[in-house]
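Here the structure is laid out as structure tokens; the discussion comes afterwards.
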Amino acid sequence: MNLTLPIPDDLTTRLSADGEDLSRRALEGFGLEEYKAGRITKAELRRLLGFETRYELDGFLKAHDVWMNYTIDDLHRELTTLQKLGF
């Protein structure tokens with residue numbers, strides 16, 4: 001599916017003045033917001049943005065200050081599991 005966004009010409013000129021692809025920026029912004037809202041998974045975001053590896057996606061997320069939701073409870077669970085496994 002292709003999506004068209006109406007953007008006034010004067011804004012288009014200013015927003016793309018640094019040479020970046022405005023369509024790509026819009027896609028990335030949309031994907032980030034959908035991921036942060038929990039409407040798509042990391043795998044779906046990776047596919048949407050065309051990244052080949054999870055590593056590329058992780059770098060993209062870090063660059064946009066999107067961090068994994070990891071709580072202290074998650075840490076305690078993992079430590080308990082590691083202790084049970086003898087680590």
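The values are calculated or read from the model by the stated rules, or taken from the named source; none is laboratory data. A quick note: this is a predicted structure, and the numbers were derived from the prediction, not measured. Cβ: placed from backbone, ideal geometry, glycine included. Neighbour counts: every protein chain shown.
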If only one of 62, 42 is surrounded by 10 or more Cβ atoms within 10 Å (Cβ to Cβ), out of contact with any helix residue (DSSP H, G or I) (no Cβ under 9 Å at 6 or more places or on another chain), free of Cβ contacts under 8 Å to residues at least 60 places away in the same chain and basic (Lys, Arg), which one is it?
-> 62
Within segment 1-34, restricting attention to residues that are among the acidic types (Asp, Glu) and in contact with a Leu (Cβ under 8 Å, 6 or more places away or on another chain), which residue is farthest from residue 47 (Cα to Cα)?
-> 34
What pairs come up if the first residue lies in segment 18-36 and is closer than 18 Å to residue 4 by Cα, the second is assigned to a helix (DSSP H, G or I) and at pLDDT below 95, and their beta carbons are under 8 Å apart, counting only those six or more places apart or on different chains?
-> 22/12; 22/15; 25/15
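Okay, residues lined up against (1) under 21 Å from the mean Cα position of the chain (by Cα); (2) hydrophobic (A, V, I, L, M, F, W, C):
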{"position": "16", "(1), (2)": "no, no"}
{"position": "31", "(1), (2)": "yes, no"}
{"position": "46", "(1), (2)": "yes, no"}
{"position": "51", "(1), (2)": "yes, yes"}
{"position": "57", "(1), (2)": "yes, yes"}
{"position": "62", "(1), (2)": "yes, no"}
{"position": "68", "(1), (2)": "yes, yes"}
{"position": "76", "(1), (2)": "no, no"}
{"position": "80", "(1), (2)": "no, no"}
Name the residues in segment 65-79 that are out of contact with any helix residue (DSSP H, G or I) (no Cβ under 9 Å at 6 or more places or on another chain) and loosely packed, with under 10 Cβ neighbours inside 10 Å, would you?
-> 65, 69, 70, 71, 72, 73
